1. Please give the direction-averaged projected area of the C-alpha convex hull for region 15-147, in square nanometres with one decimal.
2. Say a paramagnetic label sat at a point 7 Å from the Cα of Ser16, along Cα to Cβ; which residues of region 53-86 have their backbone N under 19 Å from it?
3. What angle, in degrees between 0 and 90 and rounded to the nearest 10, separates the Cα long axis of helix 288-304 from the longest principal axis of the Cα atoms of the chain?
4. Would you mind ranking Phe272, Phe255 by Cβ crowding within 10 Å, fewest neighbours first?
5. How about region 139-210: which chymotrypsin sites (Phe, Trp or Tyr not before Pro) there are in a DSSP loop, with at most 15 other Cβ atoms within 10 Å of their Cβ?
6. Got a sec? How would Leu199, Leu145 order by Cβ neighbour count within 10 Å, fewest to most?
7. Any idea what angle helix 188-203 forms with the longest principal axis of the chain, computed on alpha-carbon atoms, 0 to 90 degrees, nearest 10?
8. Could you give the angle, 0 to 90 degrees to the nearest 10, between helix 4-15's Cα long axis and the longest principal axis of the Cα atoms of the chain?
Amino acid sequence: MPGYSERLHAKIEQLSTPALVGLDPRWDLLPAEIQDAANSQGGSKSEIQARAFERFCREIIDVVAGKVPAVKPQVAFFEQLGPPGMTALLSVMQHAREAGLIVIADAKRGDIGSTATAYADAWLAGEDSSAAPYPADALTINAYLGVDTLQPFIDAAVERNAGLYVLVRTSNPGAAVLQDRKEAGVKLFEAVADVVQSLNEQHWPQSQYGGLGAVVGATWPQELSELRQRMPSAPLLVPGYGSQGGTAADVAGAFDSKGLGGLINSSRAINFAYRNGEFADQFGEANWREAVAAATEKMIADLRTATP
Ligand SMILES: O=c1ccn([C@@H]2O[C@H](COP(=O)(O)O)[C@@H](O)[C@H]2O)c(=O)[nH]1
């Protein structure tokens, strides 16, 4: 049975793109049409906003399915709305799976071992979308508590053919403050990368890419290239392209010689394309879906200049 990386790479090859669309709904940026429809059904503020997030994200999925291999819902935007938000998230994830998209839940989970098992059981469905309450193919996780806390996630990923992305070099401007701290000549993020590589070799010895990936920001192109070499078995999830300033040239180092191994995320620049520059002029708010399609196609074309 193919593992997570094989499933992901088959989709990337089928669609000829490593573009990943993030689903980051923000009430203030939603088209008025979506806000008005949600308001008209009444309810509490959270219920109204959750309804809007659900419809908005499901419609984005309808636009991008068949164009990109995967979507990455940002759990925080749903969680901030409480139970109605999490119900909306579930509906969005199910819709994405039904549309044939790989779903990466960006929840950045991590805790002591026994609690980590509960997180894995909640999020890591893997190949069989009914295997967890939230049907993610893959989940972002945090290694800060120690290597032992990764094991329950890895056990679940092996069992369910799911994927994991460990935070290694984040895209934010302050990432270096802690992540560059050195001990015995090795920076903290390099030490985390070495753990990721070694666990892949241990748990997925037969695969070119294992189920344990790494998050590396597009905003750190030098580190991105170095980390590709340092973790040859890790699929990379690369946020920071687009709204955070990362370019196609910046992400070129994420890929192997076949153009695989990297998945490049863009959230705001696609979700709210109708508000931005050329797409605002060309489409405007009434045609926000067309703006999502055009921004996705532009990203796909742009990334072709970065892959071999
Ligand atoms: O290092 C990281 C880890 C996660 N993210 C998340 O990715 C998206 C980026 O959104 P854009 O609108 O494309 O900037 C967002 O959900 C972040 O929480 C990241 O940016 N950097």
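A short reminder: the numbers here are calculations on the coordinates, not readings from a lab. The shown structure was predicted, so the numbers you read here are calculated from the model rather than taken from an experiment. Here the Cβ is made from the backbone with ideal geometry for all residues, glycine too, and neighbour counts use every protein chain on show.
1. 9.0
2. 64-70
3. So the inclination is approximately 30 degrees.
4. The order, fewest Cβ neighbours first, is Phe255, Phe272.
5. Sites meeting the loop and neighbour criteria: Tyr144.
6. Ascending number of Cβ neighbours within 10 Å: Leu145, Leu199.
7. For helix 188-203, the angle is close to 80 degrees.
8. 50
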